[in-house]
């Protein structure tokens, strides 16, 4: 998470130190803001505090939002904010009234507070403006401070609007599967062509140097601090569009100028703040919503995410709240290449594929015979491809950069402009896809025994779910459970449980040769060694390849080499470990109807020495954005299972 | 039932890592590590301060980033360096060499942009158009009406501009400024 500077370098360190000492020296010589000390009179402070108490300002929604208070189980409130410097009262984290009284007190002083080292009026400028509005401060008795630093920072944005930016999920980096959200402050002087100059407001966990495997646990447990920063949008575009190859969706928010100002004021305050970053709950998407609540406290956004926060759900929530205006997409670099390549003639495509391998081909007569604007188009596409492969690749990208130089030199000699192609991402707008949780009700037979089943999945998407809005050929299932009642038994049982089940199919073609992979931890039910319904713990993983065709509509074929470990009472020695392979295919029969077939063979060499042959056939029919029908047939080693179900997404 | 799972799964996982072989181990590590990481991996920004615009940003390359071809180990490596984003662009974080409260100092804006967008800029200059080139022109103070002329000039002088850019982004910006100053149409505008 976040950015990491490899090395500041000795000069950088000396410069930083020198600057620091100079600043310390200056701060002795020049007293800040004239004389430090009380700004107004004690009697007026008492009066303001009395009025605030009578008006019960500390209970108002605005105050609760600005201090990030949340109700606790015990009936009190507690702020999610974890930096003690964010509170002006020692009891501030859990006592809104104390905090408000202390805040008013500090407004009467120009002592520097918080990590940002400013007078309280400036460090907590949103609180100041709200309290000033509600209590109508008398400027003569409580002189307002100029807050130069805030003013400069605020003016630099020249803010016109706020956009929520959503780089979609990225399967080949498992940490980014659910996507990320941040805000972009759109300046008045920017055009769509210069929008990359905007600053963003980004919330990210800060991992200490030399972080090891422990951050898996620390991240989930909220042991890393999350900070806000204003990284320029052009760096974020590079990170997501060029390096990760992720489509970026930009949602312009319907906020008035006053709301935009409030949002920025509160953002400034958060320079004094950090939140413990919880990867599933209080993550980037969650705290970005909290900023929007600060812009318009009457909208309740966070209440919808008590336990975990999936970025696309926050986008949906904003849409439902009527806050989303214009939506624009910024396709990934690989989408640009694919779309441009698809628009070419066979001949042009042939040249593209040759030039990206060896740019010397552009001197050949065949290429030179193309019309100039078509030459330019092929060269630009080749450059896109080479940039896609050199971005973020460090030394490994050097050969691609080398080739790109030759391609671009040739391109610069053609003084033509090929017609602009309007390029859309392959994936539909994410917030228009199905909900991230799923509930299914169904019935079926297992080895002639009839059952009913209820199943639930916490998140997110599987290979057979309706694709619109989701990364194609990718599956992430987190916490899923299937409960069955067999007709000949009196009790229901947990038939399946999945902790994590991930599959990423990456079809190989002329342009991309990424591996496919899968990983699964869960439990299922087996029939084995005379045990009819035995629980079986599973951990498995595999690596493989995928290809696609468009014979019918779109077909994806895949093959995996895999390893698996099982634990069950049914096995000799209670476990077995082995390996094998899976082949299969996915096909869209119509826009709504999808089919998946697969077969696996596994041989277990350790523990219970045995083998397993499995077949799977599954079919999904989409009824609407939130409803689908499923038929699934599972065969595994002396076991046949058929399930028909109807599924609701929410 | 859930107790049963929580007891058995760690056992299975342990056996897997010990006996499952290299590939399996790697896959398990990758998926577990990645899964619980933050929602985005870090950049590793390598900067050479000697050739930089004076604020520690020289030729900046995104290194060791988990590229598609090299997912896995590098995910970890990407996070092992000192923080760039939160310190340089931290809100109300005070001054640094490049930034003031998280925003670039005015005098560093152009050089920093050229350093951080060098590859995209070179593509735009060769094509004579694009958002990176338009943004650079805006930062250099070239009025919108004159930008098409500026774009054509960068395309025309692509080879020599890139030769300068290969040495350092500062040299590229310097070469661009000189090209503007000596251009019959652009010089007039920049002089005004």
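Every read-out reported here was derived from the displayed coordinates using simple, explicitly stated rules and does not represent laboratory data. Quick caveat: nothing in here was measured; it's all calculated off a predicted structure. Don't worry about glycine lacking a Cβ; one is built from the backbone with ideal geometry, like all the others, and counts go over all protein chains shown.
Checking the a/c ratio against 1.5 first, then a/b against b/c, what shape does the Cα gyration tensor give for region A:439-649? In terms of gyration-tensor shape, oblate. At q = 0.11 Å⁻¹ the log10 of I(q)/I(0) for region A:480-574 amounts to -0.50, computed by Debye summation with a single uniform scatterer per C-alpha, solvent ignored.
Here the calculated FRET efficiency for residue A:492 and residue A:553, from their Cβ-Cβ distance with R0 = 56 Å, stands at 0.90, rounded to the nearest 0.05.
Assuming a ≥ b ≥ c are the square roots of the Cα gyration tensor eigenvalues, decide whether region A:77-138 counts as rounded (a/c under 1.5), prolate (otherwise, with a/b larger than b/c) or oblate. Taking the square roots of the gyration eigenvalues as a ≥ b ≥ c, region A:77-138 is oblate. Based on the reciprocal of the average 1/r between different C-alpha atoms, the Kirkwood radius for region A:155-330 equals 16.5 Å. Footprinting exposure proxy ranking of A:631, A:324, A:185, fewest other C-beta atoms within 10 angstrom first, gives A:631, A:324, A:185.
Using a cutoff of 8 angstrom between alpha carbon atoms and counting only pairs six or more residues apart, the relative contact order for chain A works out to 8 percent.
The Rg/Rh ratio of chain A, with Rg taken over Cα atoms and Rh as the Kirkwood radius over Cα pairs, comes to 1.03. Dividing the Cα radius of gyration of region A:255-353 by its Kirkwood radius returns 1.20 for Rg/Rh.
Volume of the convex hull of region A:526-650 (Cα atoms only), normalised per residue: 120 Å³. Shielding by partners for peptide A:534-546, expressed as the average number of C-beta atoms from other protein chains within 10 Å of each residue's C-beta, is 4. Taken over region B:117-191, the convex hull of the Cα atoms encloses 75 Å³ per residue. Ordering A:268, A:73, A:627 by the number of other Cβ atoms within 10 Å of each residue's own Cβ, fewest first, gives A:73, A:627, A:268.
Here the simple spin-label model places points 7 Å from the Cα toward Cβ, and for residue A:417 and residue A:61 these points are separated by 4.8 nm. Overall size of region A:472-516 from C-alpha positions, given as principal axis extents largest first: 57, 18, 14 Å. Note on region A:66-214: Cα Rg divided by 2.2 N^0.38 Å, N the number of residues, gives 1.32.
Neighbour counts of C-beta atoms inside 10 Å place A:131, A:644 in the sequence A:644, A:131, starting with the fewest.
Here the relative contact order of region A:342-397, from alpha carbon pairs under 8 Å that lie six or more residues apart, stands at 31 percent. Placing R0 at 22 angstrom, the Cβ-Cβ distance between residue A:342 and residue A:595 gives a FRET efficiency of 0.30 after rounding to 0.05.
Placing one equal scatterer on every Cα of region A:37-146 and applying the Debye formula, the log10 ratio I(q)/I(0) at q = 0.11, 0.17 Å⁻¹ is -0.32, -0.77. Computed on the Cα trace of region A:334-412, the radius of gyration divided by the Kirkwood hydrodynamic radius gives Rg/Rh = 0.96. Kirkwood radius for region A:452-527, taken over all pairs of different Cα atoms as the inverse mean of 1/r, rounds to 14.3 Å.
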